[in-house]
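Inspection log for the structure reproduced underneath, given as structure tokens.
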Amino acid sequence: MRLLLLLIAITAHAEFLRMEVFMKDMNCPSCSESLGKAFEKMRGVKHVEVGMKDGAVTLELADQNRVTLEQVWDTIKRIGFTPGDTKVTVRGAVKGTSLTVAGKAIVIEGRAPEGENVELKGTITPPPDPRTPVKLRIE
């Protein structure tokens with residue numbers, strides 16, 4: 001019975017697998033380096049790549065991570081940049097038009113299969129008000 005509960009907990013874990021955040025104002029090489037170092041220290045981040053040319057930071061996330069969009073966007077703001085469109089690969093529980101990740105609901109725009117361990121790819125734009133629901137546009 002314990003093994004079954006453990007397997008359910010592992011397979012039902014919702015998480016971001018990859019994030020690529022674009023920024024229009026990435027024009028400071030030393031700030032970009034600081035951004036990379038900040039993400040390297042973040043628990044759950046497996047690999048970081050900062051691209052000055054395309055104005056983006058790409059995060060490959062470890063299995064069973066608890067990294068949230070808000071943590072990533074707040075880190076970017078703390079360094080002095082403005083987070084923009086964020087391409088994500090995410091795995092979570094899909095019910096209707098809602099995806100639950102880290103206990104937070106994300107509204108899905110597009111068609112997605114329902115289930116407990118669904119992997120989706122799409123783009124999320126940071127909402128102007130943090131209380132506004134986050135929307136994932138499926139690719």
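Quick notes on this one:
- Any hit, segment 108-120, residues being at pLDDT 95 or above, assigned to a loop (DSSP other than H, G, I, E, B), in contact with a strand residue (DSSP E or B) (Cβ under 6 Å, 6 or more places away or on another chain) and not aromatic (Phe, Trp, Tyr): no
- Cβ separations smaller than 8 Å between residues 6+ apart or across chains give the following pairs from segment 86-102 residues that are free of Cβ contacts under 8 Å to residues at least 12 places away in the same chain to residues that are surrounded by 23 or more Cβ atoms within 10 Å (Cβ to Cβ): Ser98/Ile106.
- Residue ID - surrounded by the most Cβ atoms within 10 Å (Cβ to Cβ), chosen from residues in segment 59-96 that are among the hydroxyl-bearing types (Ser, Thr, Tyr) and either in contact with an Asp or Glu (Cβ under 8 Å, 6 or more places away or on another chain) or part of a strand (DSSP E or B) (or both): Thr86
- Only one of the listed residues (Gly96, Gly92) is of a type in the set (Gly, Ala, Ser) and within 16 Å of the chain's Cα centre (by Cα). That residue is Gly92.
- Hey, Lys37 of a type outside the set (A, V, I, L, M) and part of a strand (DSSP E or B) or not: no
- Restricted to segment 97-139, and to residues there that are surrounded by fewer than 13 Cβ atoms within 10 Å (Cβ to Cβ) and among the small types (Gly, Ala, Ser), the residue that is farthest from Asp54 (Cα to Cα) is Gly115.
- Answer residue from segment 37-58, given it is farther than 24 Å from Glu139 by Cβ and free of Cβ contacts under 8 Å to residues at least 40 places away in the same chain and is surrounded by the most Cβ atoms within 10 Å (Cβ to Cβ) among those: Met42
The values are calculated or read from the model by the stated rules, or taken from the named source; none is laboratory data. Since this is a predicted model, take the numbers as computed values, not measurements. Glycine also receives a Cβ, built like all others from the backbone with ideal geometry; neighbour counts cover every protein chain displayed.
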